[in-house]
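A.B. asks: Have a look at this one.
The values are calculated or read from the model by the stated rules, or taken from the named source; none is laboratory data. Remember, predicted model here, so these are calculated numbers, not experimental data. Don't worry about glycine lacking a Cβ; one is built from the backbone with ideal geometry, like all the others, and counts go over all protein chains shown. Quick note on the areas: whole protein, heavy atoms, side chains included, nothing else; ligands and nucleic acids left out. Shrake-Rupley method; radii C 1.70, N 1.55, O 1.52, S 1.80 Å.
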Amino acid sequence: MMDPLGCLPRLEELFSLLDAKLSEIECEINNSADPDTDSLFDQSEYYVGIGLVAAQQYLAEVATFSCINKDKAYKLGLRHSSGIPYIKAIDSAANYWKHEAEWWKDLETLNNSNPTVRNHVGTIADTDYYQLSNFLYALSNNQEIKLKYLLPIINGWLSALGSTKYA
């Protein structure tokens with residue numbers, strides 16, 4: 001199945017715009033004496049989150065209009081070495097970004113927040129700090145923090161989804 005809605009080029013364009021911003025931030029990080037205090041890591045996390053939510057919207061639309069149960073669809077495609085399907089992890093990472101502020105109301109709420117979301121993101125990111133940026137870095141095989149590394153995962157998922165639909 002190749003992009004049944006024809007929206008993948010728009011997602012690619014958005015990723016390209018966000019990746020350009022992430023490159024600017026990376027330069028600022030490299031030139032900063034204290035990128036954490038300068039909030040540069042938070043900025044990177046913000047733009048990665050926007051990209052992940054855009055990916056999530058695309059995945060949900062494709063699954064919906066393909067008439068395949070979303071839970072089943074998100075189990076298709078490539079998997080992390082831990083066994084977590086990458087598409088499910090992308091969905092979880094987007095949810096993490098959208099809902100993290102709600103979990104920070106108090107530490108008890110954070111500790112009881114959605115463990116599936118935290119486990120998917122945390123397992124792949126392999127850290128508790130700046131999890132979305134580190135998640136994306138891990139998906140790039142530790143090359144860089146760029147949303148473009150989601151595209152091969154999404155394309156592989158589209159192929160798997162197409163095979164399942166007609167199987």
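A.B. asks: Given a 1.4 Å probe and heavy atoms of the protein chains only, how would you sort LEU17, LEU59, LEU151, largest accessible area at the top? Before the final figure, lay out the partial values.
C.D. replies: Values: LEU17 115, LEU59 0, LEU151 30 Å².
In descending accessible area the options line up as LEU17, LEU151, LEU59.
A.B. asks: For SER32, SER140, what's the largest-to-smallest order of accessible area, 1.4 Å probe? Present the calculation step by step, with values, prior to reporting the outcome.
C.D. replies: Values: SER32 25, SER140 0 Å².
So, going from the largest accessible area down, we get SER32, SER140.
A.B. asks: Here is a follow-up. Among the listed pairs LYS75/LYS148; LYS21/LYS98; LYS72/LYS148, which have their C-alpha atoms separated by more than 23 angstrom in this model?
C.D. replies: On the way: LYS75/LYS148 21 Å; LYS21/LYS98 20 Å; LYS72/LYS148 25 Å.
Over 23 Å Cα-Cα: LYS72/LYS148.
A.B. asks: Out of the total accessible area of the stretch 1-58 (probe 1.4 Å, heavy atoms of protein only), what percent is carbon and sulfur?
C.D. replies: Details: 1660 of 3150 Å².
For the stretch 1-58, the apolar C and S fraction of the accessible surface comes to 53 percent.
A.B. asks: Continuing with this model, one more query. Could you work out the local net charge near GLN143, counting Lys and Arg as +1, Asp and Glu as -1, over the other residues with Cβ closer than 13 Å to its Cβ?
C.D. replies: Working: positive: LYS146, LYS148; negative: ASP19, GLU26, GLU144.
Cβ neighbours under 13 Å give a net charge of -1.
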